[in-house]
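Beneath this line is the structure, given in structure tokens, with notes to follow.
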Amino acid sequence: MQLAITSLNSGSNGNCYYIGNEQEAVLVDVGISCRETETRMRRLGLSMRKVKAIFVSHEHSDHIKGIPVLARKYKLPVYITTSTLYRSRMDLSGVEVVSFTGYDPVKIGGLSVTGFPKFHDAADPHSFVVEGNGVKIGVFTDIGAPCDHVIRHFQQCHAAFLETNYDEGMLEQSYYPYYLKRRISSNHGHMSNKQALELFVAHKPTFMSHVFLSHLSKDNNCPKLAKSLFETCADGTEIVVASRFEETPVYNISCQGDIFERTLSVSDITPTGEQLSLF
């Protein structure tokens with residue numbers, strides 16, 4: 001028994017993560033357009049009709065800007081905390097809006113989605129663990145520092161989307177203004193390669209098969225650098241970089257170690273739409 005997962009996009013230009021079983025799926029955040037979400041799903045052979053809900057981590061635009069159109073078109077309920085909804089200023093008229101509480105699991109068919117609080121400069125930020133078929137998938141991005149909530153849930157996951165936003169040296173030498181450098185590197189900003197690697201080395205469970213390095217900065221990180229750092233300590237865990245320009249392949253994750261990457265046919269491949277960078 002497996003869960004299928006993919007990053008449809010990961011970065012400050014938009015974040016969207018798909019997790020599903022054979023019958024239903026959820027999206028964690030939709031920070032790319034409805035059209036781009038549909039296009040990338042189609043390329044992967046995934047059906048939007050299988051998606052049953054959207055879960056919102058926090059109100060920043062790179063996590064929510066595609067939600068209103070997508071939710072209305074496919075009549076998807078949006079799970080969001082009251083504070084995040086208020087701060088988001090999203091127009092969700094005609095959309096079923098459901099409030100969730102940290103540590104209270106939400107059932108979506110055969111899936112169970114649990115949100116939990118984290119450090120980030122947002123009204124009420126949450127990360128998520130999605131469970132189904134005996135498999136747990138974590139979405140751990142937009143985290144200033146790995147608190148006990150994050151560590152506890154990371155230790156339970158068979159695969160995880162883990163933020164590796166910036167290289168400390170590259171950020172320090174970048175053209176970013178001082179206030180933005182401090183915001184990114186603060187305990188309520190984003191997680192660096194070093195912080196994420198320390199979490200990975202100290203708390204990775206032996207059964208974790210895949211880690212998706214996520215939310216990489218275009219200017220203050222290098223995918224090859226981040227991947228090489230983790231591969232030296234991977235100890236059997238496959239390291240995948242979640243791109244800010246395109247979707248990853250679909251990975252089917254099993255608690256029994258039966259893990260494989262879905263192979264795409266030529267007919268699945270179409271040109272990627274243009275993406276805009278916020279930073």
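The values are calculated or read from the model by the stated rules, or taken from the named source; none is laboratory data. Model, not experiment: these values are computed from the prediction. Glycine also receives a Cβ, built like all others from the backbone with ideal geometry; neighbour counts cover every protein chain displayed. Heads up: the accessible areas ignore ligands, DNA and RNA and are worked out on the full protein's heavy atoms, side chains in. Shrake-Rupley method; radii C 1.70, N 1.55, O 1.52, S 1.80 Å.
Structure summary
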| item | result |
| --- | --- |
| Segment 32-53: number of residues that are in a strand (DSSP E or B) and without any contact (Cβ under 8 Å) to a residue 40 or more places away in the chain | 1 |
| Given (1) surrounded by fewer than 18 Cβ atoms within 10 Å (Cβ to Cβ); (2) out of contact with any strand residue (DSSP E or B) (no Cβ under 8 Å at 6 or more places or on another chain), number of the condition TYR176 does not satisfy | (1) |
| Members of segment 201-228 that are touching a residue at least 60 places away in the same chain (Cβ under 8 Å) and aliphatic (A, V, I, L, M) | LEU216, ALA226 |
| Residue count for segment 74-88, restricted to those that are among the charged types (D, E, K, R) and farther than 14 Å from ILE64 by Cβ | 1 |
| Condition check for THR164: open to solvent by less than 20 Å² (accessible area, probe 1.4 Å) and either at pLDDT below 95 or in contact with a Ser or Thr (Cβ under 6 Å, 6 or more places away or on another chain) (or both) | no |
| Filter result for ASP62 (open to solvent by less than 20 Å² (accessible area, probe 1.4 Å), in a helix (DSSP H, G or I) and within 30 Å of ARG182 (Cα to Cα)) | yes |
| Among (1) open to solvent by less than 10 Å² (accessible area, probe 1.4 Å); (2) under 20 Å from GLU198 (Cα atoms); (3) of a type in the set (A, V, I, L, M, F, W, C); (4) touching a Ser or Thr at 6+ places or on another chain (Cβ under 9 Å) - the single one PHE116 does not satisfy | (2) |
| Looking only at segment 65-106, and only at residues there that are aliphatic (A, V, I, L, M) and in contact with a Ser or Thr (Cβ under 9 Å, 6 or more places away or on another chain), the one that is most open to solvent (accessible area, probe 1.4 Å) | VAL69 |
